[in-house]
Amino acid sequence: MAKDASNGDNHVTRKPPPEPSPLRKAKFFQANMRILVTGGAGFIGSHLVDKLMENEKNEVIVVDNYFTGSKDNVSQWIGHPRFELIRHDVTEPLLIEVDQIYHLACPASPIFYKYNPVKTIKTNVIGTLNMLGLAKRVGARILLTSTSEVYGDPLVHPQDESYWGNVNPIGVRSCYDEGKRVAETLMFDYHRQHGIEIRIARIFNTYGPRMNIDDGRVVSNFIAQAIRDEPLTVQLPGTQTRSFCYVSDMVDGLIRLMEGDNTGPINIGNPGNYYRHLIVDQEF
Ligand SMILES: O=C(O)[C@H]1O[C@H](OP(=O)(O)OP(=O)(O)OC[C@H]2O[C@@H](n3ccc(=O)[nH]c3=O)[C@H](O)[C@@H]2O)[C@H](O)[C@@H](O)[C@@H]1O
């Protein structure tokens, strides 16, 4: 699904990224790559951590406030010499020395992001500013997990990255949709103004182990209803489509984006769209 979505002028005034700080070079020479994962105790974040930890040259630091994530998701790494877990809210500055930042921290499903919309906006805006400030200070490359929801209620199907979206700025979902859109804007402004190395992924529906069963998203809804022997909720059969990506494929996509040369934004998801009633037929 990847495409160059420069929208005309994203790459025009790119400056070279700043040098990594001498402090990091001197102090952390043992590990080839020190990687920060915000939201690393969440569903996708914890699978990303598992994959990054497979590489013995990586040292992984997880920062999470456990709003929707859980220590259980990373319990297999607690005590490992290359792993560190910090309870921290990204809306507060973080002083740390790292080479790469995967910035995932954000409530991601409607139930949770609507629960405290002001906090959701703060996490997206102030949290992303803080992570970009950190990236600038230490010369780290930063990847933001944005979302397919930046396309809002799209007027074109399927949406490629050059589509600017159709988003309600004042609705109850805006804290998330517009929050992620501002986060993307901040990423590109830091890139253009300060030469920060950025990567932006727009994540589509993802499923797999550790997904939150009660988060109100379609796969978890179906599974939860099936387990509870309840009728499955299918809205307007035949009209609602979704794509579904398995979490290990999502994580591979995120790592390849981080390691590659394309800033994004890049859609990451399953390119096939499925009607909700077909999912039910196939899975149950
Ligand atoms: O599908 C997507 O678009 C989303 O995918 C992932 O979200 P996901 O792993 O599905 O959701 P969670 O399991 O809720 O993970 C989010 C993590 O962020 C943490 N978080 C949330 C809010 C906050 O203020 N700070 C913070 O650290 C949560 O505790 C949790 O561990 C990414 O983390 C989101 O940034 C992305 O928007």
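Results, tabulated for the structure shown:
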item: The one condition in (1) within 22 Å of ILE142 (Cα to Cα); (2) touching a residue at least 40 places away in the same chain (Cβ under 8 Å); (3) over 17 Å from the mean Cα position of the chain (by Cα) that ASP189 fails to fulfil; result: (2)
item: Positions within the range 167-193 being under 16 Å from VAL118 (Cβ atoms), not in a loop (DSSP other than H, G, I, E, B) and not β-branched (Val, Ile, Thr), in sequence order; result: SER174, CYS175, TYR176, ASP177, GLU178, GLY179, LYS180, ALA183
item: Some residue of the range 93-101 being touching a Gly at 6+ places or on another chain (Cβ under 7 Å), of a type in the set (A, V, I, L, M) and either more than 21 Å from ASN262 (Cα to Cα) or within 11 Å of the ligand (Cβ to nearest atom) (or both); result: no
item: Restricting the range 232-244 to residues that are touching a helix residue (DSSP H, G or I) at 6+ places or on another chain (Cβ under 8 Å) and either at pLDDT 80 or above or of a type in the set (S, T, N, Q) (or both), the residue that is surrounded by the fewest Cβ atoms within 10 Å (Cβ to Cβ); result: GLN235
item: Condition broken by ILE44, with the remaining ones in (1) more than 18 Å from GLU197 (Cβ to Cβ); (2) part of a strand (DSSP E or B); (3) within 11 Å of the ligand (Cβ to nearest atom); (4) of a type outside the set (D, E, K, R) satisfied; result: (2)
item: Residues of the range 147-175 that turn out to be over 17 Å from ASN267 (Cβ atoms) and either within 16 Å of the ligand (Cβ to nearest atom) or in contact (Cβ under 8 Å) with a residue 60 or more places away in the chain (or both), as a count; result: 3
item: Yes/no for TYR102 being modelled with pLDDT of 95 or more, aromatic (Phe, Trp, Tyr) and within 29 Å of ILE35 (Cβ to Cβ); result: yes
item: Any hit, the range 195-209, residues being at positive phi and within 13 Å of the ligand (Cβ to nearest atom); result: yes
item: Test: residue in the range 182-196 that is hydrophobic (A, V, I, L, M, F, W, C) and in contact with a Lys or Arg (Cβ under 6 Å, 6 or more places away or on another chain); result: yes
item: Yes/no for PRO117 being surrounded by fewer than 19 Cβ atoms within 10 Å (Cβ to Cβ) and closer than 19 Å to ARG34 by Cα; result: no
item: Residue within the range 117-129 that is under 25 Å from ASN73 (Cα atoms), within 13 Å of the ligand (Cβ to nearest atom), touching a strand residue (DSSP E or B) at 6+ places or on another chain (Cβ under 8 Å) and part of a helix (DSSP H, G or I) present; result: yes
item: Qualifying positions in the range 55-82 - within 20 Å of the chain's Cα centre (by Cα) and either more than 8 Å from the ligand (Cβ to nearest atom) or surrounded by 23 or more Cβ atoms within 10 Å (Cβ to Cβ) (or both); result: ASN58, GLU59, VAL60, ILE61, VAL62, VAL63, ASP64, GLY69, LYS71, ASP72, VAL74
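The values are calculated or read from the model by the stated rules, or taken from the named source; none is laboratory data. Nothing here was measured: the structure is a model prediction, and the numbers come from that model. For neighbour counting, all protein chains shown are included, and Cβ atoms are generated from backbone atoms with ideal geometry for every residue, glycine included.
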